[in-house]
1. Please go through (1) assigned to a loop (DSSP other than H, G, I, E, B); (2) away from the ligand (no atom under 16 Å from the Cβ); (3) in contact with a helix residue (DSSP H, G or I) (Cβ under 7 Å, 6 or more places away or on another chain) for residue 26 and return the number of the only condition it doesn't satisfy.
2. Any idea which residue in the stretch 41-63 is nearest to the chain's Cα centre (by Cα), counting only those that are farther than 10 Å from residue 99 by Cα, surrounded by 19 or more Cβ atoms within 10 Å (Cβ to Cβ) and within 12 Å of the ligand (Cβ to nearest atom)?
3. Report the residue count in the stretch 64-81 for those that are more than 10 Å from the ligand (Cβ to nearest atom), closer than 20 Å to residue 112 by Cα and free of Cβ contacts under 8 Å to residues at least 12 places away in the same chain.
4. Return the total of residues in the stretch 129-158 being surrounded by 14 or more Cβ atoms within 10 Å (Cβ to Cβ) and farther than 26 Å from residue 20 by Cβ.
5. Among the residues of the stretch 93-110, is any over 19 Å from residue 146 (Cβ atoms) and part of a helix (DSSP H, G or I)?
Ligand code: THU
């Protein structure tokens, strides 16, 4: 049996500072950072903010919400997406997303979404049928710009994998 080696590339851009972003991106980036102040993270001490830029120019925010029963808490990315869908079912298209994270008593650092959030991010992008560019603070202190949320979760599970009902 033939064995074929394959590679899959992920295209993204790396920017030095927020000054290199467009004005709309800067607003989304700053909103994610500002949102960290309203995180509820008494157990981890790790405050995460997520911002969703909508086509009408508004920005919807989410933050991580923890719980004494640890697994009952939820990440910022999912509170943002679930909160938007639940509170504004007719919302304008999501045209950008940014994430920020900082320790409760510390400076901003990297914010790379967990696997469960990537799965949810994929669903909402697929659902609206329009790619959502994403800005992430990297471990190196730069800004990573991905053209779509799907870029973060190759070989994903999706509705296509469910049997037709
Ligand atoms: N967290 C997020 O909000 N987003 C992520 O992508 C990773 C982790 C939160 C969950 C928990 O409240 C804290 O960060 C530590 O894991």
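We did not get these values from a lab; they are worked out from the coordinates using the rules stated. This is a predicted model, so every value here is computed, not measured. In this analysis, Cβ positions are derived from the backbone assuming ideal geometry, glycine residues included, and neighbour counts consider all displayed protein chains.
1. Among (1) assigned to a loop (DSSP other than H, G, I, E, B); (2) away from the ligand (no atom under 16 Å from the Cβ); (3) in contact with a helix residue (DSSP H, G or I) (Cβ under 7 Å, 6 or more places away or on another chain), the lone unmet condition for residue 26 is (1).
2. For the stretch 41-63, the residue satisfying everything is 47.
3. Count: 1.
4. Looking only at that region, the number is 1.
5. There is no residue in the stretch 93-110 that is over 19 Å from residue 146 (Cβ atoms) and part of a helix (DSSP H, G or I).
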